[in-house]
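The values are calculated or read from the model by the stated rules, or taken from the named source; none is laboratory data. Quick caveat, the model's predicted, so the values are computed rather than measured. Don't worry about glycine lacking a Cβ; one is built from the backbone with ideal geometry, like all the others, and counts go over all protein chains shown. Remember, those area values only see protein heavy atoms, side chains included, never the ligands or the DNA or RNA. Shrake-Rupley method; radii C 1.70, N 1.55, O 1.52, S 1.80 Å.
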Amino acid sequence: MHVGPLGYQFDRPADDHWPAERWPGEVEKFGLRAVFTDWVRSTHHVDASSMFTSLVDNFVLACEKRV
């Protein structure tokens, strides 16, 4: 599961966005259990013809289905 910097795509107010730390508890509602979480920094090239690059912090969440 990738929960990335998606806030710019929505018109909802920022206080309506979930913090990454909320996700491990939320997935339990769907029969999943968080087994790994971490933060990974990556770069994002806006356009292949541009030299502009931004740094993005990504929340990584790995889950397994409860049996």
*Residue count, segment 33-42 (criterion: of a type in the set (A, V, I, L, M) and either at pLDDT 90 or above or open to solvent by 90 Å² or more (accessible area, probe 1.4 Å) (or both))*: 2
*asked:* Every residue in segment 34-67 that is assigned to a strand (DSSP E or B) and basic (Lys, Arg), please.
replied: ARG41, LYS65
*Are there any pairs, at least 6 apart or on different chains, whose C-beta atoms fall under 6 Å, with the first in segment 37-48 and free of Cβ contacts under 8 Å to residues at least 12 places away in the same chain and the second open to solvent by less than 70 Å² (accessible area, probe 1.4 Å) and of a type in the set (S, T, N, Q), and if so, which?*
HIS45/THR53
*asked:* Suppose we keep only residues that are surrounded by 10 or more Cβ atoms within 10 Å (Cβ to Cβ) and not β-branched (Val, Ile, Thr) within segment 3-15. Which one would you say is modelled with the lowest pLDDT?
replied: GLY7
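Residues are listed down the side, and each one gets a yes or a no for (1) at pLDDT 85 or above; (2) open to solvent by 70 Å² or more (accessible area, probe 1.4 Å); (3) at negative phi; (4) among the charged types (D, E, K, R):
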{"site": "HIS17", "(1), (2), (3), (4)": "no, no, yes, no"}
{"site": "ARG22", "(1), (2), (3), (4)": "yes, yes, yes, yes"}
{"site": "GLU28", "(1), (2), (3), (4)": "yes, yes, yes, yes"}
{"site": "GLY31", "(1), (2), (3), (4)": "yes, no, no, no"}
{"site": "HIS44", "(1), (2), (3), (4)": "no, yes, yes, no"}
{"site": "SER50", "(1), (2), (3), (4)": "no, no, yes, no"}
{"site": "ASP57", "(1), (2), (3), (4)": "no, yes, yes, yes"}
